[in-house]
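Asker: One structure, as structure tokens, below. Some questions next.
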Amino acid sequence: MSGGSLGIRSGSYGSLEKQQLQSGVLPIQPARKPPKTPKDKDRFFYWIFKFAGRKKVGMLFLFTISAAVFIWVLYVGKDEDSQEGNGVHNISVNESMSIGDSPSAISTSKIMGLTTISVLPPPPPSYFLGYTLPSGHPCNSFTLPPPPADKKRTGPRPCPVCYLPVDEAIALMPKFPSPSPVLKNLAFIYEETLSRDGEFGGSDFGGYPTLRQRNESFDIRESMSVHCGFVRGTKPGRNTGFDMDEDDLLEMERCYSVVVASAIFGNFDEINQPKNISDYSKETVCFLMFVDEETEKYLRSSGRLRTSKKIGLWRIIVAHSLPYTDARRTGKIPKLLLHRMVPNARYSIWLDGKLELVVDPYQILERFLWRKNATFAISKHYKRFDVFVEAEANKAAGKYDNASIDYQIEFYKNEGLTPYTEAKLPLISDVPEGCVIVREHVPISNLFTCLWFNEVDRFTSRDQISFSTVRDKLLSRVDFHFLMFLDCERRDFVVQKYHRNILERLEAPAGVALHPPPPVLETSPEKVVRRSSVRRGRDRRAGSRRHRKVVAGREANYTKEEKRMGSAFMVMCILHSVIAMTCGGLMMFYMKEVYTLGHGVEAATKLLGSTPHDQLLIKTSDSFSGLLLVAIGFLLLMVSFVKDRDFQVFFAKGCTLLHFFMAMWRVFFERKVEDLAWDWLRQTVGDLLLALSWIFFLVYSWREKYD
């Protein structure tokens with residue numbers, strides 16, 4: 001059913017009115033002459049009450065009013081129908097109608113005063129069939145501009161993307177799921193006792209499917225059961241490998257709409273907070289960050305991870321009993337099997353740990369899924385589009401054991417893998433940039449990622465090599481709504497950051513000698529870093545610019561709690577700075593007035609000295625004391641801009657002790673001076689209040705740390 005037909009209400013109201021008018025349901029008011037005088041009118045009502053009882057008169061009036069209201073509702077309904085039918089819709093949405101929306105689902109008729117209800121058979125399931133933007137919409141005529149003529153930068157770069165505003169994207173979120181061609185029911189194999197008879201690769205986590213089972217999994221049927229990880233348990237995350245805490249499992253089950261997920265294993269990356277996220281997305285989107293115990297230990301020791309299990313927008317989910325020793329292979333579990341861990345979610349966006357999201361999730365889903373009527377979207381590789389070239393690049397970079405890569409490529413060649421040619425169009429590449437995946441959780445896309453994971457579990461962890469084989473096998477059997485977009489479009493909504501080891505090298509001071517790293521295996525990324533670390537001339541200067549950008553980026557990567565603590569520290573320092581500089585200025589230039597105001601004229605005369613020599617010495621001493629207070633105030637002002645959390649706590653403790661010592665000095669020494677004895681209590685209270693202000697800051701910082 002088209003969007004236009006959905007926008008126009010049924011005309012059953014009009015036909016019902018005609019039927020009722022024809023069948024005489026509506027009341028026929030008695031014809032009578034209008035009363036000419038009030039006396040005739042009273043006589044008319046008198047005859048009505050004389051020949052009819054009170055109950056009958058009341059029912060007559062009630063029936064007349066009901067009929068009038070019914071006719072008025074019909075008239076207004078027709079008016080609304082005509083307005084909606086003639087209205088211009090900005091976006092035409094194609095969604096099939098559900099039983100709740102169908103006006104003919106329940107048929108009601110009246111026969112001889114009796115109401116009969118007949119329930120019609122339910123319509124077919126409802127699906128989202130896409131939509132088209134109206135003619136003249138800017139995104140319809142949007143084209144990529146030519147690349148900027150910057151000869152200094154020849155590598156990949158972002159390109160502009162035509163997103164809808166956040167509110168419009170949210171309003172266009174489909175009410176129904178997209179259709180899943182052929183496959184309607186997808187189940188996952190559970191093996192209490194793993195069978196390794198005739199195994200063809202695999203693991204205890206993903207099972208050991210035979211070659212026959214692998215080939216049958218590509219034969220798409222209406223109901224299927226396939227291996228899809230977590231084979232040793234009925235519920236993913238409970239004694240299956242990649243185990244998670246119960247509260248984390250419950251939290252993931254509560255994700256009913258959109259999920260943005262990422263992962264960091266081996267403490268390999270920094271956590272990057274999403275930017276430009278709408279308030280609606282903050283409330284409705286689940287931001288899940290999967291980490292291992294090593295990464296969790298680092299986050300807790302640095303004070304970023306607390307009992308709330310949240311760092312900014314990210315909910316930190318710790319995975320225990322990891323099934324693989326290779327962090328890259330472990331990362332494929334949340335990347336490709338996310339639908340198993342968040343079973344109620346409708347859409348998901350996967351980001352590698354090194355990426356920072358800078359566009360609202362609903363805008364991304366609208367641009368790459370809903371507008372394209374796709375259920376799976378991934379970007380092409382920025383440079384390579386052939387699997388054979390990708391395999392050689394992985395071998396040259398030492399990404400994996402060369403013999404394993406050769407075995408996988410040879411196996412795919414025997415199955416019919418060929419180099420990429422234009423004959424595969426409209427498929428624009430065989431090699432994805434797999435760091436971002438945007439998909440809808442429908443059976444066919446879930447099957448795709450399950451089979452993709454099985455290939456990663458069976459062969460090498462380099463998922464770019466197995467991607468095209470799984471994709472082509474599925475597309476040869478069903479019309480899988482698959483989208484591969486440009487890499488520059490991906491770079492528009494995510495920013496790629498450096499891995500932690502590179503950040504630590506870039507941020508190391510120039511005078512500090514860096515010890516050489518320990519020997520690493522061929523599959524370690526350190527080899528690539530050492531090869532690319534030697535630069536000369538213009539490249540070295542470009543690296544220094546990147547270093548400055550990375551440092552500036554990390555300055556903005558503080559959590560919300562750390563920013564609040566830094567703001568509180570700045571306010572405290574500025575407040576104490578203003579007090580110190582004000583008191584110092586008064587002591588330097590207005591000491592006589594201060595003494596007179598605080599101690600009276602008689603005491604002020606004694607404090608200022610009796611002889612000119614004494615007055616000069618006291619004035620010089622007071623001026624120097626005031627200068628010291630001004631210097632302390634200026635120092636406090638400079639310290640207020642320090643962002644280091646440990647220094648802030650240390651400085652607050654020191655200031656608290658100084659104020660307590662000053663209060664003790666006033667108690668044991670100042671109050672013994674006769675002319676100052678009456679004023680020592682007020683000044684002692686002032687010192688204690690200043691110390692108390694720093695104590696409040698310390699309590700606030702401790703609450704932020706251990707909350």
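The values are calculated or read from the model by the stated rules, or taken from the named source; none is laboratory data. None of these values were measured; they are calculated from a predicted model. Cβ: placed from backbone, ideal geometry, glycine included. Neighbour counts: every protein chain shown.
Asker: Check the stretch 421-429 and report whether any residue there is crowded, with 16+ Cβ neighbours inside 10 Å, touching a strand residue (DSSP E or B) at 6+ places or on another chain (Cβ under 6 Å) and not polar (S, T, N, Q).
Answerer: No, the stretch 421-429 has no match at all.
Asker: For residues that are assigned to a loop (DSSP other than H, G, I, E, B) and over 30 Å from Val291 (Cβ atoms), tally how many sit in the stretch 198-240.
Answerer: 7
Asker: Answer yes if at least one residue in the stretch 186-205 is at positive phi and either exposed (fewer than 13 other Cβ atoms within 10 Å of the Cβ) or basic (Lys, Arg) (or both), and no otherwise.
Answerer: Looking for residues that are at positive phi and either exposed (fewer than 13 other Cβ atoms within 10 Å of the Cβ) or basic (Lys, Arg) (or both), one finds at least one in the stretch 186-205, hence yes.
Asker: Could you figure out which of (1) touching a strand residue (DSSP E or B) at 6+ places or on another chain (Cβ under 6 Å); (2) in contact (Cβ under 8 Å) with a residue 60 or more places away in the chain; (3) within 23 Å of Glu253 (Cβ to Cβ) isn't true of Leu313?
Answerer: (2)
Asker: Do you know which of the residues in the stretch 246-268 that are out of contact with any Asp or Glu (no Cβ under 8 Å at 6 or more places or on another chain) and assigned to a loop (DSSP other than H, G, I, E, B) is surrounded by the most Cβ atoms within 10 Å (Cβ to Cβ)?
Answerer: Cys255
Asker: How about the stretch 278-310: which of its residues are out of contact with any strand residue (DSSP E or B) (no Cβ under 6 Å at 6 or more places or on another chain) and among the hydroxyl-bearing types (Ser, Thr, Tyr)?
Answerer: Those that are out of contact with any strand residue (DSSP E or B) (no Cβ under 6 Å at 6 or more places or on another chain) and among the hydroxyl-bearing types (Ser, Thr, Tyr): Ser278, Tyr280, Ser281, Thr284, Tyr298, Ser301, Ser302, Thr307, Ser308.
Asker: Could you check how many residues of the stretch 161-171 are part of a loop (DSSP other than H, G, I, E, B) and surrounded by 17 or more Cβ atoms within 10 Å (Cβ to Cβ)?
Answerer: Going through the stretch 161-171 one residue at a time, the tally reaches 3.
Asker: Okay, moving on. I'd like to verify a number: residues in the stretch 309-345 that are not β-branched (Val, Ile, Thr) and not in a loop (DSSP other than H, G, I, E, B), how many?
Answerer: 16
Asker: Residues Glu422, Glu433, Glu410, Glu440: which one is assigned by TED's automatic domain parsing to the domain that holds Ala374 and within 27 Å of Val182 (Cβ to Cβ)?
Answerer: Glu440
Asker: Shifting gears a bit: Within the stretch 436-489, restricting attention to residues that are of a type in the set (Val, Ile, Thr) and touching a Lys or Arg at 6+ places or on another chain (Cβ under 8 Å), which residue is nearest to Pro343 (Cα to Cα)?
Answerer: So, considering only residues that are of a type in the set (Val, Ile, Thr) and touching a Lys or Arg at 6+ places or on another chain (Cβ under 8 Å), the one nearest to Pro343 (Cα to Cα) is Thr449.
Asker: Still on this structure, please answer the following. Can you name the condition, by its number, that Lys643 falls short on among (1) out of contact with any Lys or Arg (no Cβ under 6 Å at 6 or more places or on another chain); (2) modelled with pLDDT under 85; (3) in a helix (DSSP H, G or I)?
Answerer: Exception for Lys643: condition (3).
Asker: Condition first: among the hydroxyl-bearing types (Ser, Thr, Tyr), at pLDDT below 95 and closer than 20 Å to Lys354 by Cβ. Can you find one or more residues in the stretch 306-315 that meet it?
Answerer: no
Asker: If the requirement is being without any contact (Cβ under 8 Å) to a residue 40 or more places away in the chain, touching a helix residue (DSSP H, G or I) at 6+ places or on another chain (Cβ under 9 Å) and either assigned to a strand (DSSP E or B) or under 30 Å from Phe647 (Cα atoms) (or both), which of these qualifies: Leu288, Leu305?
Answerer: Just one listed residue meets the conditions, Leu305.
Asker: Conditions first: (1) surrounded by 20 or more Cβ atoms within 10 Å (Cβ to Cβ); (2) assigned to a loop (DSSP other than H, G, I, E, B); (3) among the basic types (Lys, Arg); (4) at pLDDT 90 or above. Arg490 passes all but one, so which condition is the exception?
Answerer: Of the numbered conditions (1) surrounded by 20 or more Cβ atoms within 10 Å (Cβ to Cβ); (2) assigned to a loop (DSSP other than H, G, I, E, B); (3) among the basic types (Lys, Arg); (4) at pLDDT 90 or above, the odd one out for Arg490 is (2).
Asker: Applying the selection to the stretch 352-365, what residues are out of contact with any Pro (no Cβ under 8 Å at 6 or more places or on another chain) and surrounded by 22 or more Cβ atoms within 10 Å (Cβ to Cβ)?
Answerer: The answer is Gly353, Asp360, Pro361, Tyr362, Ile364, Leu365.
Asker: Six or more apart or on different chains, Cβ atoms under 7 Å: show the pairs whose first residue is in the stretch 616-628 and assigned by TED's automatic domain parsing to the domain that holds Cys583 and whose second is outside any helix (DSSP H, G or I) and at pLDDT below 75.
Answerer: Every condition considered, the pairs that remain are Ile618/Leu608; Ile618/Gly609.
Asker: Another question about this same structure. Please verify whether Phe218 is surrounded by 17 or more Cβ atoms within 10 Å (Cβ to Cβ), in the same structural domain as Ser281 (by TED's automatic domain parsing) and not polar (S, T, N, Q), treating the condition exactly as stated.
Answerer: no
Asker: If you don't mind, another one. Scan (1) under 27 Å from the mean Cα position of the chain (by Cα); (2) at pLDDT below 95 for the single condition Gln363 breaks and write down its number.
Answerer: Among (1) under 27 Å from the mean Cα position of the chain (by Cα); (2) at pLDDT below 95, the lone unmet condition for Gln363 is (2).
Asker: I would also like to ask the following. Assuming Lys175 fulfils every condition listed in (1) part of a loop (DSSP other than H, G, I, E, B); (2) within 26 Å of Val494 (Cα to Cα); (3) under 21 Å from the mean Cα position of the chain (by Cα) apart from one, which condition is it?
Answerer: (2)
Asker: Pick from Thr132, Thr193, Thr143: which is β-branched (Val, Ile, Thr), over 30 Å from Arg477 (Cα atoms) and outside the structural domain of Leu365 (by TED's automatic domain parsing)?
Answerer: Being β-branched (Val, Ile, Thr), over 30 Å from Arg477 (Cα atoms) and outside the structural domain of Leu365 (by TED's automatic domain parsing) holds for just one of Thr132, Thr193, Thr143, which is Thr143.
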